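A short write-up of the structure that comes next.
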Amino acid sequence: MKFEQYQAIKAHALAMCGQGKELENPKTLNPILLAYIGDVVFSLYVRMRLLPTSGQIRVIHDLDARIVSAKMQSLAMDTLETQFTPEEAAVAKRGRNTKSQVPKSATVREYRQGTAFEALMGYLFLLEKQNEWKSLWIRPSLLLRKK
């Protein structure tokens, strides 16, 4: 994408912010956007859980980075996949199949599984299925204790 094209898209997005446009139905939302939302809410949840554990921001950040990593999210997906409803499994599959750049810090499989986890988190958050989010969010932090 050329810089001028990117600038035009960004200007359009900023103009749309002021119009109060509603978010489309989470069931039809692009899975990479679901993963984007899921990443934010999962990270916030983990940070809120970690705040009371230490007064040292570096300790909290190190634990947060470890829990929110693609590797840990992949582990969570491997553990939880068998418990998904058909609807949740379909959302996770859409997230897993999304095309995006894989960072050097994770394998392709870990990154795809992590994206699936984030897409499902975003989907459940946008549908306001609080009980489902919490049950899925708590389990990855338990995986950290096993390491």
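The values are calculated or read from the model by the stated rules, or taken from the named source; none is laboratory data. Nothing here was measured: the structure is a model prediction, and the numbers come from that model. Positions of Cβ are backbone-derived with ideal geometry, glycine not excepted, and every protein chain shown enters the neighbour counts. Remember, those area values only see protein heavy atoms, side chains included, never the ligands or the DNA or RNA. Shrake-Rupley method; radii C 1.70, N 1.55, O 1.52, S 1.80 Å.
Residue check: Ala90 meets all listed conditions (1) in contact with a helix residue (DSSP H, G or I) (Cβ under 7 Å, 6 or more places away or on another chain); (2) surrounded by fewer than 18 Cβ atoms within 10 Å (Cβ to Cβ); (3) of a type in the set (A, V, I, L, M) but one, namely (1). Condition first: more than 16 Å from Pro26 (Cα to Cα) and part of a helix (DSSP H, G or I). Now tell me which residues in region 92-114 satisfy that. Those that are more than 16 Å from Pro26 (Cα to Cα) and part of a helix (DSSP H, G or I): Arg96, Val108, Arg109, Glu110, Tyr111, Arg112, Gln113, Gly114. Given Thr85, Thr115, Thr53, which one is of a type in the set (Ser, Thr, Tyr) and surrounded by 20 or more Cβ atoms within 10 Å (Cβ to Cβ)? Result of the check over Thr85, Thr115, Thr53: Thr115.
Of the residues making up region 84-102, just one is free of Cβ contacts under 8 Å to residues at least 24 places away in the same chain, under 16 Å from Leu124 (Cα atoms) and β-branched (Val, Ile, Thr), namely Thr85. Against the numbered list (1) among the hydrophobic types (A, V, I, L, M, F, W, C); (2) in a helix (DSSP H, G or I); (3) surrounded by 17 or more Cβ atoms within 10 Å (Cβ to Cβ); (4) out of contact with any Pro (no Cβ under 8 Å at 6 or more places or on another chain), Val40 comes up short only at (3). Of the residues making up region 25-37, not one is assigned to a helix (DSSP H, G or I) and without any contact (Cβ under 8 Å) to a residue 40 or more places away in the chain. Just name the residue that is surrounded by the fewest Cβ atoms within 10 Å (Cβ to Cβ) out of those in region 96-112 that are at pLDDT 90 or above and charged (D, E, K, R). That would be Arg109. Restricting attention to region 47-83 and to residues that are among the hydrophobic types (A, V, I, L, M, F, W, C) and without any contact (Cβ under 8 Å) to a residue 24 or more places away in the chain, the residue that is nearest to Asn30 (Cα to Cα) turns out to be Ala65. Residues in region 118-128 that are open to solvent by 60 Å² or more (accessible area, probe 1.4 Å) and assigned to a helix (DSSP H, G or I): Phe125 alone.
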